[in-house]
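K.L.:
Below is the structure I would like to discuss, written out as structure tokens.
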Amino acid sequence: MSSPSPGQIPQHVAIIMDGNGRWAKQRGLPRLEGHRRGVETVRTVVDAAREIGIRTITLYAFSVENWKRPPEEVSGLMGLLDYFLKRELNNLIKNRVRLLTIGRTEELPENVQRELNRVKEATKDFTEWTLVLALNYGSRTEVADAARDYAAAVQAGHEQLTDASWDSFSRYLYTGAAGIPDPDLLIRTSGELRISNFLMLQLAYAEMVFTPVAWPEFGKAELQAAVDEFARRERRFGQTTEQLKPARA
Ligand code: FPP
């Protein structure tokens, strides 16, 4: 099959990186080894996304619920994040990739916050490619935070309740505040068919691709296959197939 034309390439792909633990267990390895392999996949996928022409990629790296994992796994993940940020800084600069985050990053360990701020600052002027890490992220928490900030803006007279709309409210979501567009495509690895509190409002019109491949085994071919699948879908945004035809001609 030929590659999708540029118009059919999703501009923003969001990924639930699942299956590190099972991948490790199947090989008799500690769970953290699965996460270590998962970090290697992150670099592969960020590079592959650029090669394919995907402008923004958002990775669900740590959810608000992930704090409930065993303490040694949580600290192992924080250590990997710190390692990743230190190791990738030069690569991101070389490839002109901007780093953004969504989530309550102020609750992350201080060393991780420091590295995040350093990488974000060093890459803030890049506009072509964006890597968004969802860290201490949950959709419900995001909505609660946005509602709080919106209410404060109303109280301060910066917003009028009579103007309340999706457009005005969504600017208070982490994504809206950072200028991140809605994902066109969601990929979840490792066979689970769930959203798991990830970008629930922003995925309203996203296409979804679920693959049985575990995150440590995911690579450019799997990303390309998901993009090809996206290109075969018809996105109607509430309209009919017939209505879309003139626009396509
Ligand atoms: C899900 O696998 C994965 C996570 C909860 C964390 C993902 C983190 C990484 C890939 C490494 C750190 C990320 C960056 C960006 C440096 P799971 O453990 O839930 O797998 P399982 O369902 O098989 O147990």
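The values are calculated or read from the model by the stated rules, or taken from the named source; none is laboratory data. Keep in mind it's a predicted model, so treat the numbers as computed, not measured. Cβ: placed from backbone, ideal geometry, glycine included. Neighbour counts: every protein chain shown. Side chains included, ligands, DNA and RNA excluded: accessible areas come from the protein's heavy atoms. Shrake-Rupley method; radii C 1.70, N 1.55, O 1.52, S 1.80 Å.
K.L.:
How much of the pair distance distribution for the range 14-166 lies past 22 Å, counting alpha-carbon pairs only, in percent? Write down the numbers at each step before the final one.
P.N.:
Values: 5651 of 11628 pairs.
Of all Cα-Cα pairs in the range 14-166, 49 percent lie more than 22 Å apart.
K.L.:
Would you kindly state the longest site-free stretch of the chain, with sites defined as GluC sites (Glu not before Pro) in a DSSP loop (not H, G, I, E, B) surrounded by at most 11 other Cβ atoms within 10 Å? Intermediate results must be reported in sequence, preceding the final value.
P.N.:
On the way: sites that count: Glu128, Glu234.
In short, 1-127.
K.L.:
Still on this structure: Which residue fluctuates the most in the chain, going by a Gaussian network model with Cα springs under 10 Å, if the choices are Ala156, Ala49, Ala231?
P.N.:
Largest GNM mean-square fluctuation: Ala156.
K.L.:
If you bin every alpha carbon distance in the range 117-241 into 10 Å steps from zero, what whole percent lands in each bin?
P.N.:
10, 31, 35, 19, 5, 0
K.L.:
A further question follows. Could you give the size of the charge dipole of the range 128-174 about its Cα centre, using +1 on the Cβ of each K and R and -1 on the Cβ of each D and E, expressed in debye and rounded to the nearest 20?
P.N.:
Working: 3 positive and 7 negative charges, 35 e Å.
Charge dipole of the range 128-174: 160 debye, to the nearest 20.
K.L.:
How large is the Kirkwood hydrodynamic radius of the range 93-156, in angstrom, based on all distinct alpha carbon pairs? If you can, show how the numbers build up before the last one.
P.N.:
Values: mean 1/r = 0.0752 Å⁻¹.
Kirkwood radius, the range 93-156: 13.3 Å.
K.L.:
Here's another thing I want to ask about it. Given a cut-off of under 8 Å on Cα pairs at least six residues apart, what relative contact order in percent is computed for the chain?
P.N.:
Details: 355 pairs, mean separation 69.5, N = 249.
That works out to 28 percent.
K.L.:
Now for a separate question. Could you tell me the calculated FRET efficiency between Asp125 and Glu72, based on Cβ-Cβ distance and R0 = 22 angstrom, to the nearest 0.05?
P.N.:
With a Förster radius of 22 Å, E is 0.05.
K.L.:
Where does the chain land at 222 nm, in deg cm²/dmol rounded to the nearest 500, when only DSSP H runs of n ≥ 4 count, each adding -39500 (n - 2.57), divided by all residues?
P.N.:
Values: 9 runs with 115 residues, N = 249.
Taken over the chain, the calculation gives -14500 deg cm²/dmol.
K.L.:
While we're here: In this model, which of Lys120/Lys245; Lys68/Lys124; Lys25/Lys86; Lys120/Lys220; Lys94/Lys220 are farther than 30 Å apart at the alpha-carbon?
P.N.:
Lys120/Lys245; Lys68/Lys124
K.L.:
Given 5 Å bins starting at zero, what is the percent of C-alpha pairs of the range 150-198 in each, up to the one with the largest pair distance?
P.N.:
Result, from short to long distances: 4, 16, 20, 16, 14, 11, 9, 5, 4, 1 percent.
K.L.:
Dividing the Cα convex hull volume of the range 1-99 by residue count, how many Å³ per residue is that?
P.N.:
Cα-based convex hull of the range 1-99, divided per residue, equals 125 Å³.
K.L.:
Can you give the accessible area per residue of the chain, in Å², using a 1.4 Å probe?
P.N.:
Details: 12810 Å² over 249 residues.
Result: 51 Å² of accessible area for each residue.
K.L.:
A further question follows. Can you compute the equivalent ellipsoid semi-axes for the range 169-231, i.e. the square root of 5 times each eigenvalue of the Cα gyration tensor, sorted largest first and rounded to whole Å?
P.N.:
Details: eigenvalues 119, 33, 22 Å².
Ellipsoid semi-axes (Å, largest first): 24, 13, 10.
K.L.:
Can you give the accessible area of Arg36, probe radius 1.4 Å, in Å² rounded to 10?
P.N.:
Here the residue's solvent-accessible area equals roughly 110 Å².
K.L.:
Right, something else. Non-local amide H neighbours of Ala61 (under 5 Å, H modeled in plane, Pro and chain starts lacking H): which ones?
P.N.:
Under 5 Å from the amide H of Ala61: Ala134.
K.L.:
Taking the alpha-carbon set of the range 59-108, what are its Rg and Dmax in Å?
P.N.:
12.5, 36
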